[in-house]
Amino acid sequence: MYLSRVEIDREDRTVMRKLSHLGAYHNWVEQAFPGEVREGTRSRKLWRIDQIAGKSYLLVVSESQPDPGQMEVYAVKGSFACKEYDPFLRSIKKGDSYRFRVTLNPVRSVIEAGMKRGKVYPLYAEADQRRFFLDRTAKYGFHVEEDQVLIVEKGEETLRKQGKRGTSLIKAVYEGQLTVEDPAAFADLLCHGMGREKAYGFGLMTVIKG
């Protein structure tokens, strides 16, 4: 596994016009793996947009290394960085404590009369968004005390797909302190993400020792 990062060139107006919705970012990420494009294959990837010290960054977790030139198509030239993720993943132990950040699409699914699949409803209230996160921690191999998680950003993002009308996806960004309970499940989370809409900028958790 690999963890990559580039700084988005927000000073370029053409770039920002092209990156006006989540589908454009999704396409950027997919094009950064030209071998898969040529072969017509598609591996699972996680990505997220972060705002740090007034700059915007695209983070990507992937099974193979992305192409540096494609990663910098909409980025500040020379800002691409990539490192192997596996050594860190193998180092995770039960009881380890990390500070975390993750962007999620908090929703609930309700099965209504006559429906085989549940209808998805966004969760707007902060209490519901917090519960959405806390109810899923055990599944992903970690524990968080209720007073150790904050929602630092919330809103909606536009998703457009070719030939379809645009839709809005609710977003909540969570930060806090966690403790690893199941190292294998937690490592799987870091590789494969949490929750829905992982192809469109949700579900990627990053951690630092703390």
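In nm, to one decimal, how far is the modelled label at LYS55 from the one at SER20, with both set 7 Å along Cα→Cβ?
2.7 nm
Which one, (1) 9, 39, 39, 13, 0; (2) 8, 32, 36, 21, 4, 0; (3) 8, 26, 32, 27, 6, 0, gives P(r) over Cα pairs in 10 Å bins from 0, in percent as derived from the coordinates shown?
(2)
Report, by chain and number, residues whose modeled amide H sits under 5 Å from the one on ALA75, excluding near sequence neighbours (fewer than 5 apart, same chain).
The list, which skips near neighbours in sequence, is ASP9.
Calculate, in nm to one decimal, what ASP188 and SER43 gain on full extension: separation in residues at 0.36 nm each, minus their alpha carbon distance.
Details: separation 145, 0.36 × 145 = 52.20 nm, distance 1.53 nm.
Gain on extension, ASP188 to SER43, equals 50.7 nm.
Quick one: Karplus J couplings for the stretch 128-133, per residue in order, coefficients 6.51, -1.76, 1.60, θ = phi - 60°, nearest Hz, x for Gly and Pro?
Karplus values, whole Hz, x for Gly and Pro: 5, 5, 5, 5, 4, 6.
Using the alpha carbon gyration tensor of the stretch 69-138, what are the three equivalent-ellipsoid semi-axes (square root of 5 times each eigenvalue), largest first, in whole Å? Kindly include the intermediate steps, with their values, before the conclusion.
Details: eigenvalues 239, 97, 37 Å².
Working through the eigenvalues yields semi-axes of 35, 22, 14 Å.
Step by step: find N for the stretch 2-84, compute 2.2 N^0.38 Å, then divide the Cα radius of gyration by it. What's the final number?
On the way: Rg = 12.2 Å, N = 83, 2.2 N^0.38 = 11.8 Å.
Normalised by 2.2 N^0.38 Å, the Cα Rg of the stretch 2-84 equals 1.03.
Just check the stretch 91-209 against the gyration tensor rule for me: Cα atoms, a ≥ b ≥ c as the square roots of the eigenvalues, rounded for a/c under 1.5, and otherwise prolate or oblate depending on whether a/b exceeds b/c. Please list the in-between numbers first.
Values: a/c = 1.82, a/b = 1.75, b/c = 1.04.
Verdict is prolate for the stretch 91-209.
Place a +1 charge on the Cβ of each Lys and Arg in the stretch 91-209 and a -1 charge on the Cβ of each Asp and Glu, then give the dipole magnitude about the Cα centre in debye, rounded to the nearest 20. List each step's numbers first, then the result.
Numbers: 21 positive and 16 negative charges, 144 e Å.
With Lys and Arg at +1 and Asp and Glu at -1, about 680 debye.
Please list 3J(HN,Hα) in residue order for the stretch 56-70, calculated via the Karplus relation 6.51 cos²θ - 1.76 cosθ + 1.60 where θ = phi - 60°; whole Hz, with x for glycine and proline.
10, 10, 9, 9, 9, 10, 8, 6, 10, 6, x, 6, x, x, 5
Along the Cα→Cβ direction, 7 angstrom out, place labels at ARG131 and LYS94. What is the inter-label distance in nm?
3.1 nm
Filter the cross-link list LYS77/LYS171; LYS93/LYS139; LYS83/LYS171; LYS77/LYS154; LYS119/LYS139; LYS18/LYS77 down to pairs whose alpha-carbon distance in this structure exceeds 20 Å.
Details: LYS77/LYS171 29 Å; LYS93/LYS139 17 Å; LYS83/LYS171 28 Å; LYS77/LYS154 30 Å; LYS119/LYS139 22 Å; LYS18/LYS77 17 Å.
Over 20 Å Cα-Cα: LYS77/LYS171; LYS83/LYS171; LYS77/LYS154; LYS119/LYS139.
Cβ neighbours within 10 Å, averaged per peptide: list 87-97, 123-133 in order, most packed at the top.
Numbers: 87-97: 12.5, 123-133: 14.9.
Those peptides, ordered most packed to least, come out 123-133, 87-97.
Which ³J(HN,Hα) values in Hz, rounded to whole numbers, follow from the phi angles of the stretch 105-111 under the Karplus curve 6.51 cos²θ - 1.76 cosθ + 1.60, where θ = phi - 60° and Gly and Pro get x?
Residue by residue, the stretch 105-111 yields 10, x, 9, 10, 10, 10, 8 Hz.
Between LYS77 and ILE151, what is the FRET efficiency for a Förster distance of 41 Å, r being their Cβ-Cβ separation, to the nearest 0.05?
Working: r = 34 Å, r/R0 = 0.84.
That gives a FRET efficiency of 0.75.
Rule-based calculations on the coordinates, nothing more; no lab input. Please read all numbers here as calculations on a predicted model, not as lab measurements. For neighbour counting, all protein chains shown are included, and Cβ atoms are generated from backbone atoms with ideal geometry for every residue, glycine included.
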